[in-house]
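Notes to accompany the following structure.
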Amino acid sequence: MISLGDFIRIARDCFSEATSFQYVLTIFGTLGATRPLLLLHNLQRRQGNRRMTAWITATREIITRSFRNADRHFFPEEGEDLDGENDEDEEDIPLLAPTQEERQRFLHFAPEISSALGWGCVDEPNEPNVFDLDVLPVLVTKFTSCIFCQNENGEGKDLRRSKKVVTVNVITRSYSLVKAHLVTAHCINCGVDYHPDRIVGHHNDSLRQFYIYDAPFLRISKPAQLWVDRTIAVAQAQSILQHQTFSGYATWFNKVYSRGAPDPGFTAEGSSNHANHLLTNDQSHRMFVEHMVRRLGAAYRNLNPEIFHTSHDPTTAQLVKEALQWFVQDGILPGAQLHNCEECTHPKRYNQPNRGLAPPLPGQNNAQYMVAEVEDEDPEIELPPLPATQNNENAGPQLEMPAHFNVNAPQDQELGREPAEVNLVVMDGTVAGHAICNAPVHPRCRNPPYNFKSARFCDEHRGYNHICGIKGCNSPTVEGSMVCNSPAHQLFHAKFLNRYGGRSSLHTVRRAVERRAEAIQRREEGNGDGIPTANLPPLPQLPPDDPVVVQMGERVTHTFQADRVYCVQLLTFSCGYPIAFCKFYESESESQAFAFIKRVWPDPASPLRPTYLSYDRACSLLRHIVTSHPDSSWLDSTKFIVDVWHYIGHRVDDVMCRTRCNPAPSDGSQPDLIIKERDHRGNLVTRRAFNTETAEQLNAWFGSYKQSLNRMTDFNFDFFIYCVLFLYSEDWIYRKGQKEELAERRERRAQERAARNNVADQE
């Protein structure tokens, strides 16, 4: 171990006193990091009696790069070489940086300097780097004055130390568990306490906790006094975006970064500091919530300048509930309605009655209005005639249009507005939902059960626990059972438990169904003989003379389990950017779908309303609006179309669907949906202007969360979906930027290649 005086003497021999102290530490730290190379150099030199080896050459190259990086880091404006190509003959060096002579001297005597510092010694090969300092972090607020009160000069009051210095546990960005010093600040004027991640003070006669959005550390456990670096929470959020669960992340963390990791043959340098603390599932969940409320608060800062605050030291459930009330406004992502890009928003195109007038191709003209391209040599594809019912006995009944609806598709001039741009949003649902009350009441109860693990009813309907679980039977239950004393009902319940009672039984049912489906597919392909029968316990049934069957019919319903939300409905732009989500409790009905889009775009005169809305049941939704809301402004502002994949399965004799909801009409009635352009061979091709399957694609990605969502409470369910969609929108922006950068690089390379070819041709 070297003394301070020896180090100062060596540093003075290498650099002048005018050199920056941080600069000197950086260079010596780099030299310390190369001590394995110096050790190899000394071993090779001792065996071969060579003064110079390739290890010294590599060491000097690394130190030279360190000089360049230090120039760029400490002197970004004065540094002479920002591209890393430093010329050693240059004399334009910042004042506080080493001169060229000092740099060359340090490089030349690097082995001797290392030996003088005791590094690279053959007798002590495992000597640690003295610049790997084990300094305990200090957690303190970023504020230097109170933000709530001011002095006579208009400046914030000075902060005082509130409590004694406390030692806490911190997981650093290197995933090491270390001790840290926690210091709390206090304003003696207003009594507010300033913590590293929050501010605690009285607000509206109650003690409130205000969250600091850019806090570098987060407290995830008060009893364990456990804090984490914010980068750990960012990494967890990205893993959640890749369909990781809270328990899965905690398991991964504990296996990789705990002491006694599953790979005993590997011991990383400094592993003695790695976590000897196991991250629990609750702490993993709390870390995600603490991080996301700050991310959402920063995103909502333009919409709501007030700082997000809750009750003092809330539990995770209380924090999530207050965050839902604060941020989740009808499930709409912040600023999502203002989104537009070239994939989901196009210039408006109009029908052109005079053929032969070819417009510019998309992207070649910035004109406000464009004309649909129609050419005589490319004949229009006529729609097949509607099936006649008079002369065709096998034809089904035609679905008539509403009386006050025109049969012909609307032309653009019929709209009450003439937008310069058109856009398209897509709506679709995915089956996922949390548990809700299963009380046999009408309308259905939407309240959550009082206990999500085992309860079937909410607090209001607890009394149904003492009534027979078979709907239609109002007899009291037998103690310890869910049904009455009727032998038929007891047998029905026993068969139900035998088939669905255990978790293993559920997997047995699922696997049997999968095997049967696989066998059916093999037989259709000609590779299988018979279809196996699912070897499962029989379905429970009641005898025909049972009073419940006589009164309610053969289909027996029960309340043995809690009910569930039917589906989650998602709205996205045709580019894939998410807009909002909504829960449908009973079914994917047209009334709920219409109420959903009205909540997202409530203002009839808003220019943010979509020009087109693609939905797999758009014809039924349009028929519902026409019949139930004939004066709705949605009939004038938005055109409802069926997405391409589902349109092929719609009835050909549905007049409204054929004329109003066609996603790609080839008769020129909707020029905004069909565009013609030249392919790479110069041929005129027709393609759809928008992607109508983005909601289906998002649901396919979102479906991986289904098993986790189905086991969440109602408030965790809503908060998690909102956070995941928020993270997905950020990831969409990142991926969009990556694609644009790649396209720019390709275009730049193509231009450079063309320029080189032109030069070669001229030569």
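Computed quantities for the displayed model
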| item | result |
| --- | --- |
| Count - residues of the stretch 162-213 that are open to solvent by less than 10 Å² (accessible area, probe 1.4 Å), in contact with a helix residue (DSSP H, G or I) (Cβ under 8 Å, 6 or more places away or on another chain) and closer than 25 Å to Leu278 by Cβ | 2 |
| Residue list for the stretch 496-525, filter: closer than 22 Å to Lys453 by Cα, of a type in the set (D, E, K, R) and at pLDDT 75 or above | Arg499 |
| Selection count where residues are open to solvent by 50 Å² or more (accessible area, probe 1.4 Å), of a type in the set (Ser, Thr, Tyr) and modelled with pLDDT of 90 or more, scope the stretch 674-715 | 1 |
| In the stretch 587-612, residue modelled with the lowest pLDDT [restricted to those that are open to solvent by 30 Å² or more (accessible area, probe 1.4 Å) and more than 27 Å from the chain's Cα centre (by Cα)] | Ala605 |
| Glu554 vs. criteria part of a helix (DSSP H, G or I) and at pLDDT below 80 | no |
| Flag for His243 being open to solvent by 20 Å² or more (accessible area, probe 1.4 Å), modelled with pLDDT of 95 or more, of a type outside the set (A, V, I, L, M) and within 30 Å of Gly331 (Cα to Cα) | no |
| Residue within the stretch 484-492 that is open to solvent by 60 Å² or more (accessible area, probe 1.4 Å) and hydroxyl-bearing (Ser, Thr, Tyr) present | no |
| Failed item in (1) in a helix (DSSP H, G or I); (2) more than 18 Å from Ala580 (Cβ to Cβ), with Tyr705 passing the rest | (2) |
| Test: residue in the stretch 702-713 that is within 21 Å of Cys341 (Cα to Cα), touching a residue at least 12 places away in the same chain (Cβ under 8 Å) and among the basic types (Lys, Arg) | no |
| Test: residue in the stretch 619-629 that is open to solvent by 40 Å² or more (accessible area, probe 1.4 Å), among the β-branched types (Val, Ile, Thr) and out of contact with any helix residue (DSSP H, G or I) (no Cβ under 8 Å at 6 or more places or on another chain) | yes |
| Residue match in the stretch 659-673 (condition: at pLDDT 90 or above, among the β-branched types (Val, Ile, Thr) and either open to solvent by 30 Å² or more (accessible area, probe 1.4 Å) or not in a loop (DSSP other than H, G, I, E, B) (or both)) | no |
| Candidate set from the stretch 140-155 (those that are in a strand (DSSP E or B) and open to solvent by 20 Å² or more (accessible area, probe 1.4 Å)); member that is farthest from Phe217 (Cα to Cα) | Gln150 |
| Strands (runs of 3 or more DSSP E) (entirely within the stretch 181-226) containing at least 3 residues that are more than 15 Å from Leu319 (Cβ to Cβ) | 198-203 |
| Counted residues, the stretch 8-52 - those being in a helix (DSSP H, G or I) and within 20 Å of Arg65 (Cβ to Cβ) | 19 |
| Among (1) modelled with pLDDT of 90 or more; (2) in contact with an Asp or Glu (Cβ under 8 Å, 6 or more places away or on another chain); (3) of a type in the set (A, V, I, L, M, F, W, C) - the single one Phe457 does not satisfy | (2) |
| Where a residue in the stretch 1-22 is among the hydroxyl-bearing types (Ser, Thr, Tyr) and its partner, wherever it lies, is open to solvent by 40 Å² or more (accessible area, probe 1.4 Å), with Cβ under 8 Å and at least six apart | Ser16/Thr99; Thr19/Leu96; Ser20/Phe74; Ser20/Leu96 |
| Filter result for the condition that a residue is modelled with pLDDT of 85 or more, over 30 Å from Gln242 (Cβ atoms), among the β-branched types (Val, Ile, Thr) and open to solvent by 20 Å² or more (accessible area, probe 1.4 Å), over Ile641, Ile648 | Ile648 |
| Close pairs (6 angstrom Cβ cut-off, 6 or more residues apart or separate chains): in contact (Cβ under 8 Å) with a residue 60 or more places away in the chain in the stretch 98-109, among the hydroxyl-bearing types (Ser, Thr, Tyr) and not in a helix (DSSP H, G or I) anywhere | Pro98/Thr19 |
| Among the residues listed as Arg35, Arg51, Arg46, the single one being surrounded by 11 or more Cβ atoms within 10 Å (Cβ to Cβ), among the basic types (Lys, Arg) and either on the phi > 0 side of the Ramachandran plot or out of contact with any Ser or Thr (no Cβ under 6 Å at 6 or more places or on another chain) (or both) | Arg35 |
| Residue within the stretch 322-335 that is open to solvent by 10 Å² or more (accessible area, probe 1.4 Å), of a type outside the set (Asp, Glu), more than 16 Å from the chain's Cα centre (by Cα) and within 29 Å of Glu421 (Cα to Cα) present | yes |
| Identity of the residue in the stretch 551-581, of a type in the set (Val, Ile, Thr) and over 18 Å from the mean Cα position of the chain (by Cα), that ends up nearest to Met482 (Cα to Cα) | Thr559 |
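The values are calculated or read from the model by the stated rules, or taken from the named source; none is laboratory data. Computed from a predicted model, the values in this text were never measured in an experiment. When we count neighbours, we look across all protein chains shown, and the Cβ atoms used for this are built from the backbone with ideal geometry, even at glycine. Only protein heavy atoms, including side chains, enter the accessible area calculation; ligands, DNA and RNA are left aside. Shrake-Rupley method; radii C 1.70, N 1.55, O 1.52, S 1.80 Å.
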